[in-house]
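Here the structure is laid out as structure tokens; the discussion comes afterwards.
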Amino acid sequence: MSMTSIDTVRRAAASANKSWAADCRNISQTLELSESRTYDAALETLGAYKLTGNFPTELEIVLKDLRVLNKVTFDIKPKSPLSDCRHVEFRPTDKVHRDRFAEIMRTIEKRIGADSTQPWWIRLFQ
């Protein structure tokens, strides 16, 4: 193999990696997360009796327990009154591939996702 073909292969691999990284920055997914399930999961993780009720902090505790805190970034949307659901938009970091990101989203939704099939007043008292 000549030096020219090796350089061509390296350039092609480098450009593929750049387009993959740019593609990952454009994807995001919004999940409906339950505040009460997040609180309960954070309590269980820390083995605590009581927490402050600060949703962003509790979400970080749960994400750290799931070992995905450094793999995603998130933005929390304002919540509506009398709702247990929080809309959280997740984006992968540069090092996370699209398939892994989808797996992470399924894991988060399974752990603390809100069940939107139940009425809000039932979810409030669970």
Please give, to one decimal in nm, the separation of the simple spin-label points placed at T57 and H87, each 7 Å out from Cα toward the Cβ. 2.7
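Using a Förster distance of 30 angstrom, determine the FRET efficiency expected from the C-beta separation of D115 and Y49, and round it to 0.05.
Working: r = 26 Å, r/R0 = 0.87.
Computed FRET efficiency for D115 and Y49: 0.70.
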Mind checking which of Q29, G113, L59 is farthest towards the positive end of segment 27-124's charge dipole, using Cβ charges of +1 (Lys, Arg) and -1 (Asp, Glu) about the Cα centre? Q29
Relative packing of 48-58, 103-113, 88-98, which averages over residues the other C-beta atoms within 10 Å, highest first: 103-113, 88-98, 48-58
Kindly rank 66-78, 28-40 from highest to lowest mean number of other beta carbons found within 10 Å of each residue. 28-40, 66-78
Residues of segment 58-91 with amide N under 15 Å of a point placed 7 Å along Cα→Cβ from S36: 82-86
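Please work out whether segment 27-124 counts as rounded, prolate or oblate from its C-alpha gyration tensor, where a ≥ b ≥ c are the square roots of the eigenvalues and a/c under 1.5 means rounded, while otherwise a/b larger than b/c means prolate and anything else oblate? Provide the component values of the computation, followed by the final result.
Numbers: a/c = 1.90, a/b = 1.32, b/c = 1.44.
Judged from the Cα gyration tensor, segment 27-124 comes out oblate (a/c at least 1.5, b/c at or above a/b).
Just so you know, all these numbers are worked out from the coordinates, no wet-lab data involved. As the structure is a computational prediction, the values presented were derived from the model and not from experiment. Cβ sites come from the backbone with ideal geometry, for glycine too, and all protein chains shown count toward neighbours.
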